[in-house]
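Heads up: the structure comes next, in structure tokens.
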Amino acid sequence: MSESARVSVAGQRYLPRDRESFLDAQQRNRRATWRISVLCVIAAVTMGVPLALIITPLLYGVVLIGADVINYFSPLPQDFWQLASEFARLGKVALDAITQHQPADPLTLTLGLAVMLLPGILLAVVLWLGVDLLFKRSGVGGALLALNAREPNQNQLKELQLVDVVQEMAIAAGVRPPAVMLIDSPGANAAAIGSSASDARVVVSRRLLDDLRRDELEGVLAHLIASIGNGDLRIAFRITAVFETCGLLVAMVNSPFGPRSRSVLWRIIRYGLVGGGAKEAAAVADLLARNVGVETDDIDQFFDSGKRSRIRSIRNFIFFPIFFTNVAMKLCLWFFSTAVLGPSVALLWRTRQYLADASAVQLTRNPDGLANGLQKLNEEPGEIPGGDWASHLFVVSPKRSDHQVSAVPDKGHQHALAQAWAVASGQASTQADNMDFRTVQMQLASTFRAALAGDAQAIARLRAAYQAVSASDPALAAQIPNPDDFFGARQGDPAAIGRLRNVRRLARDTTSGQKKDAESSISSVSMLGFHPSVKRRLKRLARMGAHVDLTVQKSKAWIVVLVVSIIFAPLVLLLIALFLLLISMMTMASLVFLVIWLAVIHNVFLLVGHH
Amino acid sequence: MQISPGLIVIVIAVALLVWIVASFNGLVALRNRVRNAWAEIDVQLKRRHDLIPNLVESVRAYMQHERSVFESVAQARAQAVAAGGDVLQRSAAESMLTAALGRLFATVENYPQLRAVENVQLLQEQLTSTENRIAFARQFYNDEVMKYNTRQSTFPRNLFAGLMGFSQAVMFTALDEDRANMQVKVQST
């Protein structure tokens, strides 16, 4: 174990009184899970109340119009209309009590609130359960397809080792061993995916096997299997379903306005009725998760279309009240999911990660393995192509783009890079056509590591590749870093560092167009990341006995943070207050317009129906 | 409304009964988990017994001079296979086998050309993994035994656990020889 040099014994050690056994740590995190679950429920309710206030009138409207239509052909019993007017009265009492502080007796007030809120809440809960059920049925096959996962080859030492370690950890945890899949991606990362413990899969990138030693691999996989054993997949699936339900609601209120939302809605209905394979399930789930947010494409298209025919203006007039409902709902969903529900769910998920870390220590009885593994993974970019939708399921956050530019270039550039690499490594360029770009990327990464370690041959290969690229495609060469600059930067050459920065900025600018589209995971819904920082996790592992060098920089940074937060806190609070005001105004406007709209339609029916 | 003393007695009796049934069922569940964990160790031990002949065959040709090592492995394996269901006897025989295999691996380390053979590498990985699996199965078994025993011997369950037919389970302990090995390991890191 000569490699254990990275474990610095001289680092900051925890005194015996600061130590925490893994059992205590687990218990603490389990308790925290309960506390934060309560917080999440409160957050969901805070989000649900205004949402219900927006949806319920819409539901009543749909019912009322439907009743009017039926009444036109065959009159409905008088009891129905009495019930409807009683509902309306109760709702008005509740609204008056809230907005104008008019006294009302508690029973009527409760009934009124129930009338105003319950149908919306019921609809949301039913939709949530439906979405949950729908995607549970489809399993994880689509996700595996999206990740391009493959079975491990058991005749290869490293891959056999992976299969073995998974079995070992499953035995240690006393759970059924999950299936293992490999991804040939340039980033080193691993994830547990699935909708519950029974269909769990462990997905590991091939790069991780090359980077980690056996004990580190054990630690990382123990984290994943402990997480499966603790039932985290079920929790994650429920959380995802909540955000997907939000997306579904947005699609529903958008559907009168635009073709995009209609197609999303149509696809989910078709999927729910017919089914359509795992790939379709993944695509639909992705569409829904992406739908949360204030997107106005459809609505802009609806109102700003150049042609102003008479039919169009009538249609605009008819749908105008729903427009307010639509905006109110989107604002409400966006604000509450980013600022309230998202962060509390993120906190919950972080606690589960800490819990899985503590359980992993129980499984391996070796906190150093996991600690070193996490450290190594944190040093490398862990991006997994096709894994954005589930970034919260990975062992370390896959989004660390500030570490290294590892965006995937477009097809033409891929070809040019593969060509150059083939030239540099002395292969005929025809071979490059058959070479998968991923293999090229993998080879580049490993050569780069060797070069940084001082391998002269690797350095020469990198230089040759760079020259080949700049000869064939200068525009591309400006986007990839010159290897000489890297070595210069390591020696502290400021000019080289400056050039590298320019390259990085350029590459970021050219890829930022694609980036926006790729942000679809549920973790992008929240302000707060779903992964606890590796530093904090290491600190907790150190308390459980890991020998980690936690060089704590005792800077005065906290003073700066304090001053900044004192200055900005009132501003942020003001902003939140304004936002809430805006949402409540929109809600009220939506309510008023809907009532007027419904009254007009109802009266039209009454007039038509009387003669 | 008047609460009669009889009602109170009935309520308390029902609560007590519910609690007793619940803790009985809990103990049965734990006992089953312990048995299951023991069965898992058995599975892994069996796996090791099956793997050993393969390994020995694949390395024997390269290591003609190390007859004593092979003999000790074969002997330990035979003893372990023959050992009955008694926990203490079993763990003694299996610990012997672990030690013999450890010596075999140490000897393989002396043959660099052997370590390079892919087949041997794969076999070695399988055996390493089996050793780990046994160790982890033991660890899991011991954790479960600890839970089961603690549940039984804490007040007030200790008053009637014995009466209901529960007894303390035995941990899978390391032999003295193993302990000596462990100490060497601890010092070397």
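For the stretch B:36-101, the list of chymotrypsin sites (Phe, Trp or Tyr not before Pro) that fall in a loop by DSSP and count at most 16 other C-beta atoms within 10 angstrom reads B:TYR62.
Per-residue mean of foreign Cβ neighbours for B:123-131 is 3 (Cβ atoms of other chains, 10 Å radius). Charged side chains reduced to their Cβ positions (Lys and Arg at +1, Asp and Glu at -1) give chain B a dipole of some 500 debye around its Cα centre. Shielding of peptide B:135-147 by partners, expressed as the average count of other chain Cβ atoms within 10 Å per residue Cβ, is 3.
Distance between Cα centroids, the stretch A:62-86 to the stretch A:567-611: provide it in whole Å. Answer, in whole Å: 24. Taken as Cα centroids, the stretch B:73-115 and the stretch A:216-244 sit 37 Å apart, rounded to the nearest whole angstrom.
As a test of understanding, state the convex hull volume per residue of the stretch B:22-133 from its alpha carbons, in Å³.
Numbers: hull volume 11.0 nm³, N = 112.
In the stretch B:22-133, the Cα convex hull volume per residue is 98 Å³.
Exposure proxy for A:MET588, A:MET47: other Cβ atoms within 10 Å of each Cβ, ordered fewest to most, give A:MET588, A:MET47.
Taking Lys and Arg as +1 and Asp and Glu as -1, the other residues whose beta-carbon sits under 13 Å from that of B:GLU125 total -1.
Since every read-out is calculated from the coordinates, none of them should be taken as a lab result. Small disclaimer: the values here were computed from a predicted structure and weren't measured. Virtual Cβ from ideal backbone geometry, glycine too; neighbours counted across all protein chains shown.
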